[in-house]
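Colleague: Sharing a structure with you now.
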Amino acid sequence: MTKNCKYCNKVAKHFVPNLGASLCDEHFLAYFYKRVRRVLKRVGRGKRILIGVSGGKDSISVLYALSALLEEFDLEIGSLHIDLGFPHMEECAEVFKRACERTGAKMYEISLKEEYGFTVPDLAEKVKTLCQACGVIRRYLLNKLAWEEGYDFVATGHNLDDMVYFAFNNLITSNISFLNTLDSVLPPIPNLKLVGRIRPLFWLNDADSLTYLKVIGAEYCTKKCPYYKETKQILIKPLFDDIQKRWPQSKVNFVTSLRKLVRLSPITKEREERMKPCSRCGYPSILEVCSFCRLVEISNKP
Ligand code: AMP
Ligand code: ZN
Ligand code: ZN
């Protein structure tokens with residue numbers, strides 16, 4: 001039996017996990033953009049935003065969604081793809097380039113190998129967790145380019161499922177101070193050369209990006225990082241999916257409740273207080289030398 005959209009008489013083609021209901025094309029797009037707008041309203045109009053684009057479904061969705069809301073928010077957008085040196089990921093770079101052409105976003109590409117002489121797989125034997133090192137490198141290069149090119153914010157494709165996982169993981173590993181970054185917008189700290197961070201998909205599920213790209217007819221790269229299987233996400237995310245099937249609001253409520261607790265606690269102040277300029281590169285760091293500069297050093301050792 002075909003079901004009707006939750007909001008109109010049209011056929012409902014798209015299940016929306018947060019609503020526990022299905023929508024037609026038109027109402028799905030309204031739902032999707034409403035949640036992206038909720039984040040953009042916090043940064044205000046006329047901002048320059050650099051999007052980190054891997055080519056995967058989430059970052060490609062951010063690129064199209066911000067392009068669609070460009071005039072409404074008077075945005076200027078750029079888009080950066082970092083070649084981290086994983087073999088078989090060239091397809092993602094091609095998807096990225098075509099998406100930049102289609103949206104007209106200013107395109108930037110950085111090759112870790114060409115700029116710094118090493119790749120992420122080169123670090124495999126040298127660091128404890130490659131995924132963590134990869135994250136450090138991406139965050140650093142995104143912030144650096146954004147700072148140099150005068151962008152106000154870096155946007156990433158992190159979505160509600162990522163945030164639920166991030167929060168839960170920090171709770172079970174007793175790293176609650178990281179929860180101070182559990183937000184859709186983190187303001188810039190110019191005296192530390194730190195641009196702001198924005199997560200336009202903060203209130204949307206994994207499934208919503210896939211639906212969005214299907215509705216607008218856009219391609220994305222399905223190649224996963226070869227190390228993905230090793231991450232804890234694969235174990236933890238399905239637990240929350242099961243809970244959400246019974247209680248559609250559970251993920252939104254989990255994140256909202258934790259954010260309320262964080263606001264009430266002294267850890268909210270720690271982000272700025274703990275950072276100072278790295279003694280080598282001048283970008284923000286908690287230790288004397290930043291994690292990125294230490295990785296560069298490790299990569300040079302035999
Ligand atoms: P992940 O940790 O793989 O879920 O990636 C988180 C976010 O980082 C993505 O949504 C992108 O915005 C950004 N990102 C990941 N890989 C790259 C890349 N190779 N180049 C630029 N940005 C990236
Ligand atoms: Zn409808
Ligand atoms: Zn440094």
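Colleague: Hey, could you check region 200-231 for residues that are over 18 Å from the mean Cα position of the chain (by Cα) and part of a helix (DSSP H, G or I) and say which is nearest to Glu125 (Cα to Cα)?
Modeller: Glu230
Colleague: Only one of (1) touching a residue at least 60 places away in the same chain (Cβ under 8 Å); (2) acidic (Asp, Glu); (3) surrounded by fewer than 18 Cβ atoms within 10 Å (Cβ to Cβ) fails for Glu109. Which number is that?
Modeller: (1)
Colleague: Report those strands (runs of 3 or more DSSP E) wholly inside region 1-110 carrying at least 1 residues which are β-branched (Val, Ile, Thr).
Modeller: Ranges flagged: 14-16, 48-52, 76-83.
Colleague: Mind telling me which of the residues Ile286, Ile298 ends up being exposed (fewer than 12 other Cβ atoms within 10 Å of the Cβ), more than 16 Å from ligand 1 (Cβ to nearest atom) and among the aliphatic types (A, V, I, L, M)?
Modeller: Going through Ile286, Ile298 in turn, just one is exposed (fewer than 12 other Cβ atoms within 10 Å of the Cβ), more than 16 Å from ligand 1 (Cβ to nearest atom) and among the aliphatic types (A, V, I, L, M): Ile286.
Colleague: Test of understanding: among Tyr108, Tyr7, Tyr64, which residue is at pLDDT 95 or above and within 14 Å of ligand 2 (Cβ to nearest atom)?
Modeller: Tyr7
Colleague: Another question about this same structure. How about region 112-131: which of its residues are within 15 Å of Phe292 (Cα to Cα) and surrounded by 13 or more Cβ atoms within 10 Å (Cβ to Cβ)?
Modeller: Leu112, Lys113, Tyr116, Phe118, Thr119, Val120, Asp122, Leu123, Lys126, Val127, Leu130, Cys131
Colleague: Within the group Thr129, Thr156, Thr119, which residue is of a type outside the set (Asp, Glu) and free of Cβ contacts under 8 Å to residues at least 12 places away in the same chain?
Modeller: Within the list Thr129, Thr156, Thr119, the selection yields Thr129.
Colleague: Looking at Ser209, Ser285, Ser299 in this structure, which one is of a type in the set (S, T, N, Q), in contact with a Pro (Cβ under 8 Å, 6 or more places away or on another chain) and closer than 26 Å to Tyr140 by Cα? Even if it seems obvious, please write down each step before you answer.
Modeller: On the way: Ser209 fails: in contact with a Pro (Cβ under 8 Å, 6 or more places away or on another chain); Ser299 fails: in contact with a Pro (Cβ under 8 Å, 6 or more places away or on another chain).
It is Ser285.
Colleague: Among the candidates Arg259, Arg246, single out the residue that is at pLDDT 90 or above and within 17 Å of Val16 (Cβ to Cβ).
Modeller: Working: Arg259 fails: within 17 Å of Val16 (Cβ to Cβ).
Answer to the selection: Arg246.
Colleague: Any chance region 53-61 includes a residue that's touching a residue at least 24 places away in the same chain (Cβ under 8 Å), near ligand 1 (Cβ under 8 Å from one of its atoms), under 15 Å from the mean Cα position of the chain (by Cα) and within 25 Å of Ser299 (Cα to Cα)?
Modeller: Yes: region 53-61 contains one or more residues that are touching a residue at least 24 places away in the same chain (Cβ under 8 Å), near ligand 1 (Cβ under 8 Å from one of its atoms), under 15 Å from the mean Cα position of the chain (by Cα) and within 25 Å of Ser299 (Cα to Cα).
The values are calculated or read from the model by the stated rules, or taken from the named source; none is laboratory data. In this text, all values refer to a predicted model and were calculated from it rather than measured experimentally. Every residue, glycine as well, gets a Cβ built from its backbone with ideal geometry; the counts of neighbours run over all protein chains shown.
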